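Colleague: I have a structure here, written as structure tokens, and I will follow up with some questions on it.
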Amino acid sequence: MEDADNQVERFYSLSTDFVCWRGLLTKLLCSPYENRDGWMIAVILYRGTYFLCDFETEEKKKQLAKVTERQEEMCYWGWKFEQYVTSDKEGGKPDTSRPVNNNEGFCSVVRSRLNKNSLVYGGEVDGIDNTINNSNKYVEYKTTRQIETRNQDINFRRFKLIKWWAQSYLVGISKIVCGYRDDQGIVHSLDEFKTQKIPDEAKDLYNPWKPNVCFNFLDQFLNFVKSAINTDNPKIVHILEWSPGHDVVCQRTENEKYQFLPDWFINWEGWDA
């Protein structure tokens with residue numbers, strides 16, 4: 001029986017410990033330095049792999065309910081900026097006449113490892129730059145308000161750059177192009193950040209953020225999931241919730257609203273092929 005069990009695991013598992021989206025890992029990496037937004041993560045163990053899914057916290061739901069039209073418009077500024085600096089083909093010209101469609105996107109799927117934890121995750125990529133002199137030519141495009149004061153500069157390097165770094169580092173993006181905009185959404189200047197060098201931007205801050213602290217937290221989180229969750233069942237979900245200044249709370253539930261693995265995946269014939 002032992003040999004048969006090992007054979008099933010060898011042929012019918014995904015051969016990875018964790019599957020999720022890049023955005024979820026970005027939140028976890030930034031958690032040691034997050035002082036405002038918490039997170040809620042649902043975990044399902046199925047066929048030896050932990051599937052992680054990000055859910056909105058109650059606080060986030062309240063924030064979204066209060067979003068104004070002006071705030072929604074500002075979100076589109078970033079997507080419109082991407083349209084201005086990218087084209088559908090190499091050497092082509094941007095087509096800015098089309099309405100922004102944020103349902104379109106290109107995703108890169110990454111297989112990676114953090115110490116004893118293997119991961120597979122997907123993340124959206126804005127574009128490629130063939131002038132980048134390495135095998136990964138992905139580039140990320142960002143906008144931020146023009147920096148005019150010392151406090152704005154400190155907040156930019158402390159709170160925004162850590163998220164840009166984490167998001168880009170996870171999928172191997174080596175360059176970030178930043179457009180500095182005014183309060184009407186008009187970009188007046190551009191700057192480039194090399195992802196590997198971004199932590200240097202925070203070194204002279206008081207109590208600066210550090211990449212090793214970020215990755216140590218992520219590693220400890222993944223180890224905790226492995227040690228605390230051992231029921232291999234797609235209908236059993238563990239909810240891990242955290243807010244700044246508090247410990248992580250873990251609860252088990254069979255509530256259908258958190259059972260995020262679709263039936264087509266659970267019942268896929270390939271599992272038993």
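The values are calculated or read from the model by the stated rules, or taken from the named source; none is laboratory data. Please read these numbers as outputs of a predicted model, since none were measured by experiment. Note: ideal-geometry Cβ built from the backbone for every residue, glycine included; neighbour counts use all protein chains shown.
Colleague: What's the total number of residues in region 225-247 that are over 19 Å from CYS20 (Cα atoms) and in contact with an Asp or Glu (Cβ under 8 Å, 6 or more places away or on another chain)? Lay out the reasoning, then the answer.
Modeller: Going residue by residue through region 225-247, those that are over 19 Å from CYS20 (Cα atoms) are 243-247.
Those left that are additionally in contact with an Asp or Glu (Cβ under 8 Å, 6 or more places away or on another chain): 243-244.
Count: 2.
Colleague: Another one. I'd like to verify a number: residues in region 49-62 that are surrounded by 14 or more Cβ atoms within 10 Å (Cβ to Cβ) and either more than 19 Å from the chain's Cα centre (by Cα) or not charged (D, E, K, R) (or both), how many?
Modeller: Total satisfying the criteria: 7.
Colleague: Can you name the residue in region 235-268 that is within 22 Å of LEU119 (Cβ to Cβ) and free of Cβ contacts under 8 Å to residues at least 60 places away in the same chain and is also farthest from the chain's Cα centre (by Cα) among such residues?
Modeller: Across region 235-268, the extreme among qualifying residues is TRP268.
Colleague: Of everything in region 89-111, what is in contact (Cβ under 8 Å) with a residue 24 or more places away in the chain and more than 23 Å from LYS142 (Cβ to Cβ)? Give them in sequence order.
Modeller: If the condition is that a residue be in contact (Cβ under 8 Å) with a residue 24 or more places away in the chain and more than 23 Å from LYS142 (Cβ to Cβ), then ARG111 is the only one that fits.
Colleague: Pairs please, first residue from region 54-78 and closer than 27 Å to GLY122 by Cα and in contact (Cβ under 8 Å) with a residue 60 or more places away in the chain, second anywhere and hydrophobic (A, V, I, L, M, F, W, C) and assigned to a loop (DSSP other than H, G, I, E, B), Cβ atoms under 7 Å, 6+ apart in sequence or on different chains.
Modeller: none
Colleague: Go through region 1-77 and tell me which helices (runs of 4 or more DSSP H), entirely inside it, have 2 or more residues that are at pLDDT below 95 and either among the hydroxyl-bearing types (Ser, Thr, Tyr) or touching a Pro at 6+ places or on another chain (Cβ under 7 Å) (or both).
Modeller: Values: elements: 2-12, 22-30, 58-65.
Because the criterion is at least 2 residues that are at pLDDT below 95 and either among the hydroxyl-bearing types (Ser, Thr, Tyr) or touching a Pro at 6+ places or on another chain (Cβ under 7 Å) (or both), no helices (runs of 4 or more DSSP H) in region 1-77 meet it.
Colleague: Does any residue in region 172-197 that is of a type in the set (Val, Ile, Thr) come within less than 7 Å, Cβ to Cβ, of a residue that is surrounded by 13 or more Cβ atoms within 10 Å (Cβ to Cβ) and part of a loop (DSSP other than H, G, I, E, B) six or more places away or on a different chain, and which pairs are these?
Modeller: Filtered contacts from region 172-197: THR195/ILE173; THR195/SER174.
Colleague: Could you list, in sequence order, all residues of region 207-234 that are among the charged types (D, E, K, R) and either touching a residue at least 40 places away in the same chain (Cβ under 8 Å) or loosely packed, with under 14 Cβ neighbours inside 10 Å (or both)?
Modeller: ASP219, LYS226, ASP232
Colleague: Go through region 112-135 and report how many residues are closer than 30 Å to TYR50 by Cβ and either in contact with a helix residue (DSSP H, G or I) (Cβ under 6 Å, 6 or more places away or on another chain) or exposed (fewer than 14 other Cβ atoms within 10 Å of the Cβ) (or both).
Modeller: Looking only at that region, the number is 9.
Colleague: Would you mention how many residues in region 140-165 are of a type in the set (D, E, K, R) and surrounded by fewer than 15 Cβ atoms within 10 Å (Cβ to Cβ)?
Modeller: Applying the first criterion (of a type in the set (D, E, K, R)) to region 140-165 yields 140, 142, 145, 148, 150, 153, 157-158, 160, 163.
Those left that are additionally surrounded by fewer than 15 Cβ atoms within 10 Å (Cβ to Cβ): 145, 148, 150, 153, 160.
Summing the residues that are of a type in the set (D, E, K, R) and surrounded by fewer than 15 Cβ atoms within 10 Å (Cβ to Cβ) in region 140-165 gives 5.
Colleague: Give me the pairs: first residue in region 132-151 and closer than 19 Å to GLY179 by Cα, second residue loosely packed, with under 10 Cβ neighbours inside 10 Å, beta-carbon distance under 8 Å, and six or more apart or on different chains, which are they?
Modeller: What qualifies is ARG145/ASP183; GLN146/HIS188; GLN146/SER189.
Colleague: Regarding region 222-233, can at least one residue be identified that is closer than 22 Å to CYS30 by Cα, among the aromatic types (Phe, Trp, Tyr) and in a loop (DSSP other than H, G, I, E, B)?
Modeller: no
Colleague: OK, next. Among the residues of region 25-41, is there at least one that is surrounded by 17 or more Cβ atoms within 10 Å (Cβ to Cβ) and more than 24 Å from ASN155 (Cα to Cα)? Break it down into steps so the answer makes sense when it comes.
Modeller: Restricting attention to region 25-41, the residues satisfying the condition of being surrounded by 17 or more Cβ atoms within 10 Å (Cβ to Cβ) are 25-31, 33-34, 38-41.
This time we only want the ones that are more than 24 Å from ASN155 (Cα to Cα), so: 40-41.
For region 25-41, residues surrounded by 17 or more Cβ atoms within 10 Å (Cβ to Cβ) and more than 24 Å from ASN155 (Cα to Cα): present.
Colleague: Next question, about the same structure. Which condition from (1) in contact with a Ser or Thr (Cβ under 9 Å, 6 or more places away or on another chain); (2) over 26 Å from ASP183 (Cα atoms) is the one that GLN83 breaks?
Modeller: Condition not satisfied by GLN83: (2).
Colleague: Quick test of your reading of the structure: ASP191 fulfils all but one of (1) under 26 Å from ASN115 (Cβ atoms); (2) acidic (Asp, Glu); (3) in contact with a strand residue (DSSP E or B) (Cβ under 7 Å, 6 or more places away or on another chain). Name the failing condition by number.
Modeller: (1)
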